[in-house]
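In what follows, a structure is listed as structure tokens, so that the remarks can point back to it.
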Amino acid sequence: MIDVLIAGGGYVGLSLAVSVKTAAPHLAVTLIDGAPGDAWKKDERASAIIAAAAQMLDVLGVWSGIEPEAEPIRRMVITDSKTADPVRPVFLTFEDEAVEGRPFAHMVPNVALVGALRKAADNLGIEIRQATAAAGFKSGDHAVSVALANGETIEARLLVACDGVRSKLRDAAGIKTVDFDYGQSGIVTTVEHERPHEGTAEEHFLPAGPFATLPLRNNRSSLVWTERTRDADRLIASDDLVFEEELERRFGHRLGALKVVGGRRAFPLGLTLARDFIAPRFALAGDAAHGIHPISGQGLNLGFKDVAALAETIVDADRLGLDIGSLAVLERYQSWRRFDTFRMGLTTDVLNRLFSNDITPVRALRDFGLGIVDRLPSVKSFFIRQASGLGGQSEPKLLGGLPI
């Protein structure tokens, strides 16, 4: 019988497998992934990894393989304007390091992140079964029986669903969600520019939603461009000339001529929060537990927080001789993560509603608030530590740079 069966081969599933196996090598950990074996190599996106998550990856021994591809975010600039405004006044800037010598975040290509985690999983002897999805499961007193799409059945002491925001396993467990569709889509692409960005990330609050530029290596930037869904669909379907013209209107010319060097895709944006994170012999992690607006850049890092908390819960229970799949054990994980997740979901929801509009009194109020924060160093320092993930007093050990 397998001890921990993980459904989902993205960064959440892989980092959970590596975290558990690193701390408890005797536990049998298997990961199943419905995608083909090389599908992850085609992901052109990049993600912001906060300082606490980088510390966790360092403890797991994978950060050294990621860092050569990572670009530190040394400065964050926030503006608020209309698309046609000739000048974009800067209302808030962050220039700080969360800890000595460590930037508060890095931009990392998803291929580098997943590749390093897969290498670590292989080195630890974690079985990864590709093109094999879980079709359903049934929980018993001592094990969970998982039916695979190919007709096989696997028994495990604990099943963890890391299968995305539209998790089929979450539905099979009967776990309800809170859902809201923002009517927005996030356009993701990569651009190359003439002048260096010097590690600066910018977030322009425009009437349709935030337009974020995030620094990558070699004079490139990753874009997360929020538009109303109908406009995003039109832009994705447009020819290169129209797309780049609309892009330049929002990006500006501060970094010289632009060239789109990656594919462009649009993802629907909404809020999805699981009402429960656990069921008998079952737990949710990552997007299966929560899908939030990218306005704060915290979606991926919420997944790492889930991993750190769940891995510590599993390993501590195992060391005490407890049943790692029991509700009594899993309740620790749920209590650790549910409040923080709902708080972040509410925060991103409020921010999106506050900034994705062109109502004059609201704009005046939010700009005044940004200006006040910019003039209060202690408040800015608090926000930057929170954004880096280093502000909590009861965070899991991995996020504090400590082994389980």
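A few remarks follow.
- Number of positions in the stretch 47-77 that are polar (S, T, N, Q) and either over 19 Å from residue 217 (Cα atoms) or assigned to a strand (DSSP E or B) (or both): 2
- Complete set of residues in the stretch 387-399 that are assigned to a helix (DSSP H, G or I) and either modelled with pLDDT under 70 or open to solvent by 80 Å² or more (accessible area, probe 1.4 Å) (or both): 397
- Selection of the stretch 281-294 for residues being in a loop (DSSP other than H, G, I, E, B) and open to solvent by 20 Å² or more (accessible area, probe 1.4 Å) yields only 292.
- Taking (1) on the phi > 0 side of the Ramachandran plot; (2) touching a Leu at 6+ places or on another chain (Cβ under 7 Å); (3) not aromatic (Phe, Trp, Tyr) in turn, residue 227 satisfies each apart from (1).
- Evaluation of residue 286 against (1) without any contact (Cβ under 8 Å) to a residue 12 or more places away in the chain; (2) at positive phi; (3) not hydrophobic (A, V, I, L, M, F, W, C) (one fails), failing number: (1)
- Enumeration of residues in the stretch 295-333 that are within 23 Å of residue 145 (Cβ to Cβ) and in a helix (DSSP H, G or I): 310, 313, 314, 317, 318, 327, 328, 329, 330, 331, 333
- Every residue from the stretch 246-279 that is closer than 20 Å to residue 186 by Cβ and not hydrophobic (A, V, I, L, M, F, W, C): 246, 248, 249, 250, 252, 262, 263, 264, 265, 268, 270, 272
- Condition check for residue 278: at pLDDT 95 or above and buried (at least 18 other Cβ atoms within 10 Å of the Cβ): yes
- Checked against (1) in a loop (DSSP other than H, G, I, E, B); (2) at pLDDT 75 or above, residue 341 passes all but a single condition, namely (1).
- Condition met for residue 112 (at pLDDT 90 or above and not in a strand (DSSP E or B)): yes
- Criterion applied to 120, 134, 98 was being at pLDDT below 95, surrounded by 18 or more Cβ atoms within 10 Å (Cβ to Cβ) and not assigned by the TED database to the domain that holds residue 201, and the one residue passing it is 134.
- The criterion of at least 2 residues that are open to solvent by less than 30 Å² (accessible area, probe 1.4 Å) and not assigned by the TED database to the domain that holds residue 48 is met, among helices (runs of 4 or more DSSP H) falling completely within the stretch 142-258, by 229-237, 240-251.
- The residue that is nearest to residue 387 (Cα to Cα), among those in the stretch 1-26 that are touching a helix residue (DSSP H, G or I) at 6+ places or on another chain (Cβ under 6 Å) and surrounded by fewer than 24 Cβ atoms within 10 Å (Cβ to Cβ), is 23.
- For the stretch 125-141, filtered to residues that are part of a strand (DSSP E or B) and touching a Lys or Arg at 6+ places or on another chain (Cβ under 9 Å), the residue that is nearest to residue 12 (Cα to Cα) is 128.
The values are calculated or read from the model by the stated rules, or taken from the named source; none is laboratory data. These figures come from a predicted structure and were not determined experimentally. Heads up, the Cβs are rebuilt from the backbone with ideal geometry, glycines too, and the neighbour counts pull from every protein chain shown. Keep in mind that these areas ignore ligands, DNA and RNA; they rest on the heavy atoms of the full protein, side chains included. Shrake-Rupley method; radii C 1.70, N 1.55, O 1.52, S 1.80 Å.
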